[in-house]
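Below is one structure, written out as structure tokens, with a few remarks after it.
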Amino acid sequence: MSSPTLLDGDNVLVDMARRAPNPPGIFVLDDGMGLVAKRLEHIPNSDPPAVRVISDNGFYSPYELT
């Protein structure tokens, strides 16, 4: 079993200029219930543009957002 990338209580610096997940990476987003840090991947050829939201915690399934 691998360790999580971010642990509870970690400080995170956010580059507010980086707004698109290219290249893919960890981004902070509002999921409707608050701010979360998730891995985002751009979904090629999606119209409207969409991203895949992935949690390092395997308990949560990946999902897509436009």
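Rule-based calculations on the coordinates, nothing more; no lab input. These numbers were taken from a predicted model, which means no experiment stands behind them. Virtual Cβ from ideal backbone geometry, glycine too; neighbours counted across all protein chains shown.
Data overview
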item	result
Sum of side-chain charges, SER3 neighbourhood, beta-carbon under 14 Å (Lys, Arg +1; Asp, Glu -1)	-3
Distance in nm between pseudo-label sites at MET33 and ASP10 (7 Å out along the Cβ direction from Cα)	2.0
Long-range amide H partners of ASP56 with built H, under 5 Å	ARG39
Burial ranking of peptide ranges 49-61, 25-37, 4-16 (average Cβ count within 10 Å, highest at the top)	49-61, 25-37, 4-16
Proximal charge balance of GLU64 [Cβ under 15 Å; K/R count +1, D/E count -1]	0
Where Rh is the Kirkwood radius over Cα pairs, Rg/Rh for the chain	0.96
